[in-house]
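S.K.: One structure, pasted below without further comment.
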Amino acid sequence: MYDKIIGYAKELDHISRMRRRDFHKYPETAWYEMRTSAIIAKTLTELGYEVLTGKAVCLETERYGVPSAEALAEHAALALEQGAPAEYLTEEMKQGFTGVIGILRCGEGPVVGLRFDIDALGLIEDETPSHRPFAEGFSSQNPGMMHACGHDAHAVIGLGTAEVLMRIRDSLHGTVKLIFQPGEEGAKGARPIVAHGHLDDVDYFVGTHIAPTGGPDDGDVTPGTWGSLATSKYDVHYHGQAAHAGGFPENGRSAIVAAANAVLNLTAIPRHSGGISRVNVGVIQGGTGRNVIPDQAMMQIEVRGETTEINAYMDEQARRICQAAAEMTGCTCEMIPQGASESQQSDLDFLSHIGDVVREHLPHLKVSSCENAQNWGSEDISLMMNRVQAHGGKATYMRSMTDMASAQHTTAFDFDEKVLVDGIQTFSAIVYDLLK
């Protein structure tokens with residue numbers, strides 16, 4: 001059966017590359033993934049999957065950072081122009097309820113959950129002849145949106161895995177959930193999926209991220225990772241009182257002064273002795289003119305911690321400081337959550353077993369010598385992993401290695417598309433091993 005899986009995945013090489021280039025050409029950021037979701041829903045439906053979309057995927061009350069109704073409507077029209085299948089672009093998708101879950105039920109047995117994130121980043125893609133997507137005509141057509149992290153690859157690996165699993169479904173015993181998650185960037189999309197209960201019956205959970213070759217990732221597959229930083233992200237709005245800066249300054253309450261006080265004191269939060277902690281103010285805006293005491297200011301901030309507990313400490317300190325800065329200046333402060341994730345740990349026995357499966361049954365793929373590599377940044381797959389592990393299930397977050405033209409989150413990012421078939425083979429083999 002493993003030889004069949006290898007062969008079926010190889011047969012998908014051409015269509016996988018075409019799908020990747022299509023997704024790359026029409027990238028969509030958090031809650032705008034309408035075209036992407038509609039195509040995924042259509043593909044899974046045609047394969048024979050039970051398909052969930054819209055509010056059946058994401059719990060409405062748990063979404064962070066949803067764009068305005070006007071912005072969503074404008075993008076929905078663009079998605080249709082760019083080829084979204086109209087019958088699958090539902091009214092709920094048009095309202096920003098993006099993401100798709102495909103379910104394959106194969107009788108009694110364990111439940112396996114697979115996660116593939118699908119959103120893009122807010123970057124303007126490189127348009128020089130040396131950048132392959134531009135030179136070959138599949139660079140971003142949506143200004144300010146770009147697949148610069150590889151989520152176009154993840155979506156395609158998920159679709160290819162869905163096709164292989166459908167071909168071998170008669171040999172499977174259990175249930176497979178393929179979760180195509182919106183809004184990973186900024187840690188927005190996993191929370192409403194978890195809150196909806198989609199992970200509550202999952203016994204085994206697997207995700208992956210493409211990663212550059214080198215360092216501890218010296219193979220094609222790293223079976224597990226650990227150490228993603230827990231994070232909390234906020235938009236902080238200060239509201240003051242405008243006044244003539246020269247004539248009646250005593251009547252003013254400067255929102256910018258409040259924000260400036262917050263910036264200085266946020267950077268002075270004592271770091272935690274228990275591990276890594278981070279704080280950053282990435283954006284600050286406010287005011288209307290040099291002779292007007294500003295009544296509005298806004299900051300975009302985040303805190304992070306090596307553990308969920310350390311992040312909670314940083315979060316509490318940040319909220320206290322932001323509110324105190326407002327009180328000092330006679331302003332008010334509104335903090336709007338924009339994203340959150342927890343720390344994550346892959347299950348050592350599970351990732352070790354996956355390494356054995358790859359070595360034994362996919363011998364053309366090399367398992368990294370470090371099977372459990374330290375992660376970087378923050379990842380809201382942690383919320384899914386932790387929910388599965390909380391009820392006794394097993395979870396791991398792998399890496400799939402590939403050569404890259406430029407670092408992730410840069411405007412010249414691109415990767416070797418060989419990783420698409422490698423990823424399809426890896427996920428399919430893991431599911432077969434668990435449900436055979």
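S.K.: From 184, 81, 136, 91, which residue is modelled with pLDDT of 95 or more, open to solvent by 10 Å² or more (accessible area, probe 1.4 Å) and touching a strand residue (DSSP E or B) at 6+ places or on another chain (Cβ under 8 Å)?
M.R.: Details: 81 fails: touching a strand residue (DSSP E or B) at 6+ places or on another chain (Cβ under 8 Å); 136 fails: touching a strand residue (DSSP E or B) at 6+ places or on another chain (Cβ under 8 Å); 91 fails: touching a strand residue (DSSP E or B) at 6+ places or on another chain (Cβ under 8 Å).
None of the other options fit; the residue is 184.
S.K.: Taking the stated definitions as given, is residue 427 in contact with a strand residue (DSSP E or B) (Cβ under 8 Å, 6 or more places away or on another chain), open to solvent by less than 10 Å² (accessible area, probe 1.4 Å), in a loop (DSSP other than H, G, I, E, B) and of a type outside the set (D, E, K, R)?
M.R.: Working: in contact with a strand residue (DSSP E or B) (Cβ under 8 Å, 6 or more places away or on another chain): yes; open to solvent by less than 10 Å² (accessible area, probe 1.4 Å): yes; in a loop (DSSP other than H, G, I, E, B): no; of a type outside the set (D, E, K, R): yes.
For residue 427, the condition - in contact with a strand residue (DSSP E or B) (Cβ under 8 Å, 6 or more places away or on another chain), open to solvent by less than 10 Å² (accessible area, probe 1.4 Å), in a loop (DSSP other than H, G, I, E, B) and of a type outside the set (D, E, K, R) - is not met.
S.K.: I need the full set of residues from region 157-188 which are of a type in the set (Lys, Arg) and either outside any strand (DSSP E or B) or under 25 Å from residue 146 (Cα atoms) (or both), in order please.
M.R.: At the first step, the residues of region 157-188 found to be of a type in the set (Lys, Arg) are 167, 169, 177, 188.
Within region 157-188, 167, 169, 188 meet the criteria.
S.K.: Need the failing condition index for residue 225 against (1) touching a helix residue (DSSP H, G or I) at 6+ places or on another chain (Cβ under 8 Å); (2) of a type outside the set (A, V, I, L, M, F, W, C); (3) open to solvent by less than 70 Å² (accessible area, probe 1.4 Å); (4) part of a strand (DSSP E or B), just the number.
M.R.: (1)
S.K.: Among the residues of region 363-390 satisfying the criterion of being buried (at least 18 other Cβ atoms within 10 Å of the Cβ) and among the aliphatic types (A, V, I, L, M), which is farthest from residue 280 (Cα to Cα)?
M.R.: 365
S.K.: For region 22-51, give me the residue count where each residue is crowded, with 20+ Cβ neighbours inside 10 Å and in contact (Cβ under 8 Å) with a residue 60 or more places away in the chain.
M.R.: Just the residues of region 22-51 that are crowded, with 20+ Cβ neighbours inside 10 Å, to begin with: 23-24, 26-41, 43-44, 49, 51.
From the residues that got through so far, the ones that are in contact (Cβ under 8 Å) with a residue 60 or more places away in the chain too are 23-24, 26-34, 36-37, 40, 43-44, 49.
Qualifying residue count, region 22-51: 17.
S.K.: Tell me which of these residue 6 doesn't satisfy, since it passes every other one: (1) closer than 20 Å to residue 167 by Cβ; (2) out of contact with any helix residue (DSSP H, G or I) (no Cβ under 6 Å at 6 or more places or on another chain).
M.R.: Of everything listed in (1) closer than 20 Å to residue 167 by Cβ; (2) out of contact with any helix residue (DSSP H, G or I) (no Cβ under 6 Å at 6 or more places or on another chain), residue 6 misses just condition (2).
Quick grid of which residues meet (1) assigned to a loop (DSSP other than H, G, I, E, B); (2) open to solvent by 10 Å² or more (accessible area, probe 1.4 Å); (3) in contact with a Cys (Cβ under 7 Å, 6 or more places away or on another chain):
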{"site": "205", "(1), (2), (3)": "no, no, no"}
{"site": "208", "(1), (2), (3)": "no, no, no"}
{"site": "211", "(1), (2), (3)": "no, no, no"}
{"site": "231", "(1), (2), (3)": "no, no, no"}
{"site": "235", "(1), (2), (3)": "no, yes, no"}
{"site": "246", "(1), (2), (3)": "yes, yes, no"}
{"site": "250", "(1), (2), (3)": "no, yes, no"}
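S.K.: Check every one of the helices (runs of 4 or more DSSP H) wholly within region 306-416 and list those with 3 or more residues that are acidic (Asp, Glu). Reasoning before the result, please.
M.R.: Working: elements: 308-328, 348-361, 381-390.
Here the list reads 308-328, 348-361.
The values are calculated or read from the model by the stated rules, or taken from the named source; none is laboratory data. Because the structure is a prediction, the values reported are computed rather than measured. In this analysis, Cβ positions are derived from the backbone assuming ideal geometry, glycine residues included, and neighbour counts consider all displayed protein chains. Surface areas here come from the heavy atoms of the whole protein model, side chains and all, with no ligands, DNA or RNA. Shrake-Rupley method; radii C 1.70, N 1.55, O 1.52, S 1.80 Å.
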